[in-house]
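All remarks here apply to the structure that follows.
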Amino acid sequence: MSRIARRFAALKQEGRGALMPFLEAYDPDPATSMAILRGMPGAGADLIEIGMPFSDPMADGPTVQLAGQRALKAGATMAGTLAMVRDFREEDQDTPIILMGYLNPIISYGPERFCVDAAASGVDGLIVVDMPPEESQDVQPFAMAQGLDMIRLVAPTTDAARLPSVLKNSSGFIYYVAITGVTGTRSATGDALRAAIPLVRQHTDLPIAIGFGVRTPEQAAEAAKIADGAVVASALIDKLASTLDSEGRATPGTVRAVLDDVRALAEAVKA
């Protein structure tokens, strides 16, 4: 059983959903990003998503785009992102880590090499935003060979005819994109989610996590109750950005501010 499957099974026994906070690797610098990553489990993160910085993140709104720009300016590379996970694994062997990003950097790195190195570093799953199932042949076989979960995105526009092909060879969990559009721009209503999630469950036994537009503790709690988990990204990046100085550098309160927000989200989800 993978770390992701074990974590969701344990949470199901507890009778609650998962909190999955997101951070962009190297945002705003390697040391600050690493400190936030190391602090997330203690603040209540059940799983963690790490963004792989890319210059053209087509699904991301301004908040995540700016995070990626700061990260690239700070020297982010794919090798550096994987090194963060290796360093994290020296202290934490239990918290699942999911890398989320785009196909271009993976192709540039080399798909087979990427999957081998990701698994060796302690990565558990991959979300490749712009890789539909029909074009997954460059990554999927290597990921499966290394035991990496391939986590698929399901959108409000994914109909019943399309779902089986989207979910084919999926593992870990399903990422339900709560809104049409880019990240961090608006939020889905609880009524819309309560109508949508059962339709997805008809086609899969995998856990479902809701992302894109989950910002507040209340929204995270509702999403984790309707589905099996809540992903929070833009709100945490906004908090990080609000603590930076005029030149975009971390301040003494940056790490604590982000982790305090993770803690508030976790308390809401657990309640």
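The values are calculated or read from the model by the stated rules, or taken from the named source; none is laboratory data. Keep in mind that this is a model prediction, so the values were computed, not measured. All Cβ positions, even for glycine, are placed from backbone atoms using ideal geometry, and neighbour counts span all protein chains on display.
One table, with the values for the structure above:
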| quantity | calculated |
| --- | --- |
| Candidates Pro96, Pro111, Pro164 - the one that is within 22 Å of Gly68 (Cβ to Cβ) and either loosely packed, with under 14 Cβ neighbours inside 10 Å or touching a helix residue (DSSP H, G or I) at 6+ places or on another chain (Cβ under 6 Å) (or both) | Pro111 |
| Matching entry among Ala79, Ala45 (being under 27 Å from Glu218 (Cβ atoms), among the small types (Gly, Ala, Ser) and at pLDDT 95 or above) | Ala45 |
| Among the residues listed as Ala18, Ala25, the single one being more than 19 Å from Ala209 (Cα to Cα), crowded, with 18+ Cβ neighbours inside 10 Å and either touching a residue at least 24 places away in the same chain (Cβ under 8 Å) or under 16 Å from the mean Cα position of the chain (by Cα) (or both) | Ala25 |
| Lone unmet requirement of (1) touching a residue at least 60 places away in the same chain (Cβ under 8 Å); (2) hydrophobic (A, V, I, L, M, F, W, C); (3) closer than 12 Å to Val231 by Cβ for Ile48 | (1) |
| Strands (runs of 3 or more DSSP E) within segment 120-237 that include 3 or more residues in contact (Cβ under 8 Å) with a residue 40 or more places away in the chain and of a type in the set (A, V, I, L, M) | 229-232 |
| Extreme residue, nearest to Arg215 (Cα to Cα), among residues of segment 28-50 that are among the charged types (D, E, K, R) and either touching a helix residue (DSSP H, G or I) at 6+ places or on another chain (Cβ under 7 Å) or surrounded by fewer than 18 Cβ atoms within 10 Å (Cβ to Cβ) (or both) | Asp46 |
| Output for segment 246-263, where each listed residue is touching a residue at least 24 places away in the same chain (Cβ under 8 Å) and part of a loop (DSSP other than H, G, I, E, B) | Gly248, Arg249, Ala250 |
| Residue satisfying condition, being touching a residue at least 40 places away in the same chain (Cβ under 8 Å) and outside any helix (DSSP H, G or I), within set Asp56, Asp87 | Asp56 |
| Counted residues, segment 241-271 - those being over 19 Å from Ala18 (Cβ atoms) and touching an Asp or Glu at 6+ places or on another chain (Cβ under 7 Å) | 2 |
